[in-house]
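**Student:** One structure coming up, written as structure tokens, with questions to follow.
Since every read-out is calculated from the coordinates, none of them should be taken as a lab result. Just so it is clear, the structure is predicted and the values come from calculations on it, not from any experiment. All Cβ positions, glycine included, derive from the backbone under ideal geometry; neighbour counts span all protein chains shown.
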Amino acid sequence: MPKFYCDYCDTYLTHDSPSVRKTHCSGRKHKENVKDYYQKWMEEQAQSLIDKTTAAFQQGKIPPTPFPGGPPPGMLPTPPMGGPPMMPMMGPPPHGMMPGGPVGGMRPPMGAPMPMMPGPPHMMRPPRPMMMPVRPGTHAV
């Protein structure tokens, strides 16, 4: 009877029977070897994709930005209340500006238009908590 060779473990099993194969394949060392094999394979695939993309970029086949004139219509993110798109803030606000409020924290003069507010507090939704998957038979903490 021929011996069974495990490619992941680079070893021969002493007997070629279903029970020996099952025992071997359910073992810790074999499972680690399988995980390492596919992890290495994924890293090689990712590196290959990075190398191909870099070579294409250096040859001028890929433009520096995916949309030379800016994003196409309909690709701009819209805020939840339908107002104008907001730019992310980089660094502290300019002098005299308070984040989310009027200039300098003061009210505008009489007759001046009031700044737009996002809506009544009861209409603003709190941020959603990040959901983590839970395995069957366990409970979330």
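**Student:** Using DSSP to define loop residues, name the trypsin sites (Lys or Arg not before Pro) in segment 1-36 whose beta-carbon has at most 15 other beta-carbon atoms within 10 Å.
**Tutor:** On the way: sites: Lys3, Arg21, Lys22, Arg28, Lys29, Lys31, Lys35; in loops: Lys3.
The qualifying sites are Lys3.
**Student:** Please give every one of the aspartates and glutamates within straight-line cross-link reach of Lys3, meaning a C-alpha to C-alpha distance under 12 Å, and leave out same-chain neighbours fewer than 8 residues apart.
**Tutor:** Reachable aspartates and glutamates: Asp16.
**Student:** Reachable aspartates and glutamates from Lys40, Cα under 19 Å, same-chain residues fewer than 8 places away excluded?
**Tutor:** Counting by Cα, and skipping residues close in sequence, Lys40 has these aspartates and glutamates nearby: Asp7, Asp10, Glu32, Asp51.
**Student:** Could you give the nm distance between label points at Asp16 and Gln59, where each point is 7 Å from its Cα heading toward the beta carbon?
**Tutor:** Between Asp16 and Gln59, the label points sit 4.6 nm apart.
**Student:** Using the Cβ atoms and a cut-off under 14 Å, what net charge is assigned to the surroundings of Thr14, where Lys and Arg are +1 and Asp and Glu are -1?
**Tutor:** On the way: positive: Lys3, Arg21; negative: Asp16.
Here the charged neighbours net out to +1.
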